[in-house]
Amino acid sequence: MKTDAGTKYRKERIDRGIKARAEDIFALSSLQEMLYLLAPRAILVLGLLILPLYLGMYGKKVLINTAIFALLAMSWDFLFSVGMVSLGQALFFGVGAYIAGILHDSLKWSPLLTIPIATLGGGVICSVLLAPILRLRGVYFAMVTLALPLMFVRIIEATRIFGGTEGIHGLTSLPSVWFELYLSLAMVIAVLFFFRRLINTDYGLVLSGIRDNDQSVLRSGINIYWYKMQAVFMASAIGAFAGAFMTHAYMFVGMPAFELDYSILPIAAGVVGGTGTFAGSMLGAFILVTLSEILRGVGGVRIVFYSVLLVIFIVVVPEGIFHYLQRKYHQFERWVKVEE
Amino acid sequence: MFQGMLIYGLINSVILALVTLGFNLTFGISGVANFAHGGLYILAGYTIWILFNLLKIPYLVAVVLSILLTAFIGGLMYRFILLRLRGLTNSEVIASLAVGVIILEMFRFAGFIGFEYTLPVFISGSVPIGETLVDAQRLFIVGIGMALAIFLWIFTHHTKTGLAFRGIAQEERTALVLGINSDKMATLSMAFGAGLAAIAAVVILPLGIIAGEGGYTVLLNAVAVCIVGGLGSPGGVVVASFIIGYAQTFTATYLGSHWTMIVSLLAIILILVIKPSGLYGKQKEIEEKV
């Protein structure tokens, strides 16, 4: 509300007219409207592709890191969209990282071979591991996923397999930093658009249905456990890719691959950015990793910082940043006279 | 040897039950799975250490203060964070885990790592039982564990607050009609759960050193016992902690102590395959869970 020369004005918000029926269905009639829809997507893709050209070596490394966390965050977001709260993204990451490391170390396969194998193999292994607990919902699923990565650390510690506490050193890195950079960014873009598309198809509708009311989906004669299994496979394959990629980027794999960072940051990114749109969790990962690089001087409190942001956002801004931005983008705002 | 294992298995089971009581109480009453449980447990331990070693407060006073403080923080956490998320199970899980991580990692960051972070035992010396020598602190734990279990039973069956707790656990709307403020009771139940975590920390921590990793182990053990016993069921907690407690002790003796963590996970998976609602879970809980 504002007053100007005795007349009162109020702010009016109107949705753009090209939106028809639902959140993501648009009725396009002009080039301008197409541009309006295309602009955010084009800016994102071009921005990601051009940004590395202006970054120094340090900036490039940070960007690679960011991309990896963005992948984990989107994988978390996908599971969350199917109604499964994973508190252990580190499981996917660690399994992928170890598969790539072991294959490379024992069979001397090139990274170009180990990364795809680790992606698929990690997906299969994680799906099998999580299969018994797919019947669980909410809290129960979360509890077990939290336990699994910690369990892996203990097993590796106890049996001294896979290099034990030392880990496996001296792995080959990817051909060049440019290759690393564009591979990770391409993966981020591909995963982002794949998930956004997938969740709006009929298949995605079943997945959202499982989140909203799994009992009624079950009663429509759909095997929800099989669907959940597929969702877990997709999410864990992406997590495993991130892990395998990092193994070769760091030229090292060890117990830190199962660290809590890889579980907490994706959750924080999802919550800060906003869940359900994938772009939100990606945005969240970009914000959080950049912030934590700025705060690098503070040292090991990174994870505390994520957790504090997580609590603040979940209580104060539960919808997340992206939903807010999206709403603003889809609305006009104008001042109109208040009629007395 | 075997006799010793029986005795240490018993002690281990009581430790598990002690650690789980608070988690189970909060879940049973307010429906919040308090993932900050391990954090609160470790918080209590470090608080006593700080009060006792840095501020030179007498040990028993420090213990009482830290239990009260932990309970207060638990209550605050519910009042200002979890209350706003009521009904959003997923958000509750994430928020409480974040609080737990904040507590644990803050202590680690502040440099509370090392062998000097120990608490003194209440009773020193050891008592021979048969051929095995058991130190008095461990017997003390068994005593406290039993006393707490009996206290909780009396509390929830014969006091006004305890009955109100059970009231909102069983049928929240009816309880509201009878003038029980469910938000207040849920806050109290969280404070109680945190206080129980602190009591567990007080008696158990003198056996080892205080460390952040301990918090995660405590949380996982509590979760495992709860799932196996059937969430929110006090009888189930006792039975499940004996099963897991003895299984852990046998595993530690025959395979090595690294494997004890895996026992909890195997127990969870086995029970989910055989009886998803847990040993003492009721039909209602099956619907919530599967």
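The values are calculated or read from the model by the stated rules, or taken from the named source; none is laboratory data. Since the model is a prediction, treat every value here as computed from it, not as a measurement. Here the Cβ is made from the backbone with ideal geometry for all residues, glycine too, and neighbour counts use every protein chain on show. Protein only, heavy atoms only, side chains kept; ligands, DNA and RNA dropped before computing areas. Shrake-Rupley method; radii C 1.70, N 1.55, O 1.52, S 1.80 Å.
Worth pointing out:
- ³J(HN,Hα) computed for each position of the stretch B:10-17 - Karplus, 6.51 cos²θ - 1.76 cosθ + 1.60, integer Hz, glycine/proline x: 4, 4, 4, 5, 5, 4, 4, 4
- List of the stretch B:62-99 residues, accessible area with partners at least 50 Å² below that of the chain alone (1.4 Å probe): B:90, B:94, B:97
- Charge-dipole axis of the stretch B:83-227 as Lys and Arg at +1 and Asp and Glu at -1 on Cβ define it, positive-most pick from B:206, B:158, B:129: B:158
- For the stretch B:91-215, the relative contact order comes to 34 percent (Cα pairs under 8 Å, sequence separation of at least 6).
- Mean accessible surface per residue for the protein assembly as shown, computed with a 1.4 Å probe while every protein chain stays in place, in Å²: 44
- Per-residue SASA remark: residue A:202, around 130 Å² accessible (1.4 Å probe; ligands, DNA and RNA not included).
- Neighbour-limited loop hits for chymotrypsin sites (Phe, Trp or Tyr not before Pro), the stretch A:37-137 (at most 13 other Cβ within 10 Å; DSSP other than H, G, I, E, B): none
- Qualifying GluC sites (Glu not before Pro) in the stretch A:149-183, where qualification requires a DSSP coil assignment and no more than 14 other C-beta atoms within 10 Å, comprise A:166.
- Theoretical gain in end-to-end length, residue B:60 to residue B:250 [0.36 nm per residue, Cα-Cα removed]: 64.9 nm
- Heavy-atom accessible area buried between chains A and B is around 3800 Å² (1.4 Å probe, both sides summed).
- The stretch B:38-121, dipole about Cα centre (Lys/Arg Cβ +1, Asp/Glu Cβ -1), debye to the nearest 20: 220
- For residues of A:257-263, the mean tally of beta carbons on other chains within 10 Å: 1
- Judged by the ratio a/c of the largest to the smallest principal axis of the C-alpha gyration tensor, the stretch B:153-274 counts as prolate, that ratio being 1.5 or greater while a/b is larger than b/c.
- Once C-alpha pairs closer than 8 Å and six or more residues apart are averaged by separation and normalised to the residue number of the stretch B:1-107, the relative contact order reads 33 percent.
- Above-threshold pairs, the threshold being 19 Å between Cα atoms, out of A:60/A:108; A:11/A:328; A:8/A:328; A:11/A:337: A:60/A:108; A:8/A:328
- Counting, for every residue in A:150-156, the Cβ atoms of other protein chains within 10 Å of its Cβ and taking the mean gives 4.
- When chain A is treated as a Gaussian network with alpha carbon springs shorter than 10 Å, the biggest mean-square fluctuation among A:71, A:130, A:87 belongs to A:130.
- Charge dipole (Cα centre; +1 on Lys/Arg Cβ, -1 on Asp/Glu Cβ; no other charges) of the protein assembly as shown amounts to roughly 980 debye.
- Where Cα atoms sit under 29 Å apart: lysine pairs in chain B separated by 8 or more or lying on different chains: 8
- Here is the P(r) of the stretch A:40-329: all C-alpha pair distances, binned every 10 Å from 0, give 7, 29, 37, 22, 5, 0 in whole percents.
- Under 18 Å from the Cα of residue A:61 - aspartates and glutamates, other chains or at least 8 residues apart: A:180, A:261, A:293
- With a 10 Å cut-off around each Cβ of B:101-113, the average count of Cβ atoms from other chains is 4.
- Of all accessible heavy-atom area on chain A, the percent that carbon and sulfur account for (1.4 Å): 65
- For the options B:93, B:273, B:142, a Gaussian network treatment of chain B with springs between C-alpha atoms closer than 10 Å singles out B:273 as fluctuating the most.
- Shape category assigned to chain B from the gyration tensor of Cα positions, a/c cut at 1.5: oblate
- Highest-MSF residue in chain B out of B:129, B:209, B:15 [GNM, Cα springs under 10 Å]: B:129
- Charge-dipole axis of the protein assembly as shown as Lys and Arg at +1 and Asp and Glu at -1 on Cβ define it, positive-most pick from B:219, B:11, B:177: B:177
- Oblate is the label for the stretch A:142-265, because the ratio a/c of its alpha-carbon gyration tensor axes (a ≥ b ≥ c) is 1.5 or higher and a/b is not greater than b/c.
- Within the same chain, aspartates and glutamates fewer than 8 places from residue A:2 are excluded, and of the rest, those with a Cα less than 17 Å from its Cα are A:12, A:333, A:339, A:340.
- Farthest positive-ward along the stretch A:40-329 dipole, Cα basis, beta-carbon charges - from A:48, A:153, A:100: A:48
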